[in-house]
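The structure under discussion appears below in the form of structure tokens.
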Amino acid sequence: MMTFSLADFQALWLSAKVASVATLVTLPVGFGVAWLMVFGRLRFKPLFDGIINLPLVLPPVVVGYLLLLLFSRQGPLGPFLNNFGIQLIFNWKGAVLACSVIGLPLMVRSVRLGMEQIDPQLLHASRTLGASWFDTLYSVVLPLSVPALITGSTLCFARSLGEFGATVILAGNIPGVTQTIPMAIYDYTNTPGGETGALSLCLVSIGLSYLVLMLNEVFLRRYRRI
């Protein structure tokens, strides 16, 4: 029988909150980066592509530590953010940042694959009819990239739900403040008699991930019928 404490419900809510905000933050950034990679004339495109995809191959702990160095009070960006009252370290916003950085390559790769399948003749026809690059982006590229955006958002959300290494380094593991589902499970596994709590959260995590995948299929099918 699954049992949940108040801290468990807080971890569930925080995980959903962090994953949702991280996906919303990553969505426009991923779309812009993918557009640059496919349609932009970048001089050092392989180098740029390698930097974007680096979080995919680096251990999440390394990514979290690098973010900690950048946004700590002694880091280059920490004092600048403090001037605006923005606190990322040991805060749920830091968890959002960590999940966004980890999920960005998945978003970019999905959207990029979708953009690469767009018929170039459609873009040429749009420009021939006098459309500006922004009109072409809004009326041609964006509508045809919707399935890729849905897939990228699903992958980013699911990856954010399971993120542990980068989040624990940057945001910490504070119950009710920064503790997400993976961290709560980790605490249970290190607590005598915590097997029931860990299993309960594992089952919830599996259910949430499966629900996200099913919603992805539903949205894609409905879009294809339009």
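The values are calculated or read from the model by the stated rules, or taken from the named source; none is laboratory data. Bear in mind that the values here come from a model prediction, so they are computed numbers and not experimental data. With ideal geometry, Cβ positions are generated from the backbone for all residues, glycine too; neighbour counts draw on all protein chains shown.
On inspection, Arg159 passes the criterion of being of a type outside the set (Ser, Thr, Tyr) and surrounded by 14 or more Cβ atoms within 10 Å (Cβ to Cβ). Of the residues Pro182, Pro192, the single one that is at pLDDT below 90 and either farther than 13 Å from Ala7 by Cα or surrounded by 16 or more Cβ atoms within 10 Å (Cβ to Cβ) (or both) is Pro192. Out of Thr189, Thr196, Thr136, Thr167, one residue alone is closer than 25 Å to Trp92 by Cα and in contact with a Ser or Thr (Cβ under 9 Å, 6 or more places away or on another chain). It is Thr167.
Assessment of the range 106-122 against the conditions (assigned to a helix (DSSP H, G or I), of a type in the set (A, V, I, L, M), without any contact (Cβ under 8 Å) to a residue 40 or more places away in the chain and crowded, with 18+ Cβ neighbours inside 10 Å) yields no matching residue. If you check Phe90, Phe71 for being on the phi > 0 side of the Ramachandran plot, out of contact with any Cys (no Cβ under 9 Å at 6 or more places or on another chain) and in contact (Cβ under 8 Å) with a residue 60 or more places away in the chain, only one passes: Phe90.
When the range 123-148 is filtered for residues that are at pLDDT 90 or above, surrounded by 20 or more Cβ atoms within 10 Å (Cβ to Cβ) and not in a loop (DSSP other than H, G, I, E, B), only Ala148 remains. Arg127 falls short of the stated requirement of being touching a residue at least 12 places away in the same chain (Cβ under 8 Å) and not aliphatic (A, V, I, L, M). When the residues of the range 17-37 are filtered to those that are in contact with a helix residue (DSSP H, G or I) (Cβ under 9 Å, 6 or more places away or on another chain) and without any contact (Cβ under 8 Å) to a residue 40 or more places away in the chain, the one that is nearest to Leu149 (Cα to Cα) is Leu24.
Residue count for the range 187-226 under the criterion of being closer than 26 Å to Met107 by Cβ and of a type in the set (Ser, Thr, Tyr): the result is 4. Restricted to helices (runs of 4 or more DSSP H) entirely inside the range 149-226, those with at least 1 residues that are within 30 Å of Ile118 (Cβ to Cβ) and either in contact (Cβ under 8 Å) with a residue 24 or more places away in the chain or among the acidic types (Asp, Glu) (or both) are 195-225.
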